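Notes to accompany the following structure.
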Amino acid sequence: MRILLVLILILLNTEPKEREVIVTKKMITVSGQTSIGGFSCDYSKGGLKDTLFIDHSSSLKEMVFDIPVQDFSCGNFIINKDFRNTIKADKYPSARVRVQNLKSNYGHYTCDLSVTLVGKKLDFSSLVLKRVPEGLHANLVLSFDDLDLEAPKKMGGMIKVEEKLTLDFTLGF
């Protein structure tokens, strides 16, 4: 009977255990569509040894990283220049990403994520992260209005960027 009671108590104690993982790579992709096709601007930094805390009892454990806007690569120098002009790289030379309160939940994860881009801070609480072979992945859909920006137009409005942007974040282990 005592053994049964101990087993029941063990099963009921579903409190997640605190864990730490070492993040070795950070990847961010900003993509969107124009009237003539799509674009994708990537940032990747490897060789890192940042600690990510999972199911930590203190919400003060966070990971913050700054991303130099100049380090985004869009495939060619013209699109690179347009991307940097659009997100005002001369005035806001870096973006900041903050990951906090990372929790595991039966095969997926949630976190509180904040992104500061073009001087505007966007908060996403309980953002769902998926486990992928590379690490943890999140996908956000933003609009230019969210960032107080105007969607760029080229050639007298013949080429227009759609209002929707997709941000893909991956933290590699």
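Throughout, read-outs are computed from the coordinates displayed, never taken from laboratory work. No experiment lies behind these values; they were computed from the predicted model shown. Don't worry about glycine lacking a Cβ; one is built from the backbone with ideal geometry, like all the others, and counts go over all protein chains shown.
Placing a label point 7 Å from the Cα of T116 along the Cα-to-Cβ line, the residues of segment 89-103 whose backbone N sits under 15 Å from it are 91-100. How much FRET efficiency would the formula 1/(1 + (r/R0)^6) give for Q70 and F173, where r is the Cβ-Cβ distance and R0 is 35 Å, rounded to 0.05? After rounding, the FRET efficiency stands at 0.85.
Considering only G37, G156, G46, the Gaussian network model of the chain with Cα springs below 10 Å gives its largest mean-square fluctuation to G156. In a simple Cβ point-charge model (Lys, Arg +1; Asp, Glu -1; nothing else charged), the chain has a dipole of about 220 debye relative to its Cα centre. Given R0 = 25 Å, the distance between the Cβ atoms of S35 and S125 translates into a calculated FRET efficiency of 0.15. Binning the C-alpha pair distances of segment 97-161 at 5 Å intervals from 0 yields a P(r) profile of 4, 14, 21, 17, 14, 11, 9, 6, 3, 1, 0 %, listed from the shortest bin outward.
Considering helices alone, the calculated mean residue ellipticity of the chain at 222 nm is -3500 deg cm²/dmol, with DSSP H runs of length four and up weighted by -39500 (n - 2.57) and normalised per residue. FRET efficiency for the N80 to A151 pair, using the beta carbon distance and R₀ = 25 Å, is estimated at 0.90.
One way to sum up the overall shape of the chain is the equivalent ellipsoid from its Cα gyration tensor, whose semi-axes run 39, 16, 14 Å, largest first.
Rg over Rh for segment 23-87 works out to 1.12, both radii taken from alpha-carbon positions and Rh defined as the Kirkwood radius.
Look at where the Cα atoms of segment 122-143 and of segment 50-116 average out, and the two centres are 10 Å apart. Within the chain, the longest segment free of exposed loop sites, counting GluC sites (Glu not before Pro) that fall outside DSSP classes H, G, I, E and B and have at most 16 other Cβ atoms within 10 Å, spans 19-133. Here is the list for segment 72-144: trypsin sites (Lys or Arg not before Pro) lying in DSSP coil, each with at most 15 other C-beta atoms within 10 angstrom of its C-beta, are K88, K91.
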